[in-house]
Amino acid sequence: MSEKTAAKNAPAAAPRQRQAYRQHPGSAKVEAILSVWCERRRPAEVCREMGINWQILNEWQSRALQAMIQSLEPRTREPAARPPALSQRLRKLLDKQGRRSRTPEPAAPRGLSANLTRRLAQASEAQAKTSETAAATSG
């Protein structure tokens, strides 16, 4: 039998299957995030143990912070009724000053790690941006 005939009679290759993704329960995600925030374990270590990419861990952390901020916000009937914490002018001045000085971040409050303080600051900035966007679109 020639090679061409053998290739025709060979069984077709099995279709390529998708890689199975790991499903992690919420409690495992919380434990992983808190262990990184409390600096008990490094992010790379958590990713390796859970078999996930670092981008997944970052997404979990962002979602956790957003959920914490949202759950701790005072509940009002009309979210646009509250004035922003800082006026737009003051926020611009603070941003401009921050770009000029490039001072290190303030020391973490007692009991909080520097990593957690930085993430809380990032989340509050993101929350402020979303509330400004919502106010701009509704007004």
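Note on VAL36, VAL46: ascending count of other Cβ atoms within 10 Å places them as VAL46, VAL36, the fewest first.
Length available on full extension from HIS24 to ARG42: 0.36 nm per residue minus the Cα-Cα distance, which gives 4.6 nm.
With a Förster radius of 25 Å applied to the beta-carbon distance between ARG89 and ALA121, the computed FRET efficiency rounds to 0.75.
Readers should treat all values here as calculations from the given coordinates under stated rules, not as data from a laboratory. Nothing here was measured: the structure is a model prediction, and the numbers come from that model. Neighbour counts are summed over all protein chains in view; Cβ atoms, including those assigned to glycine, are modelled from backbone coordinates with ideal geometry.
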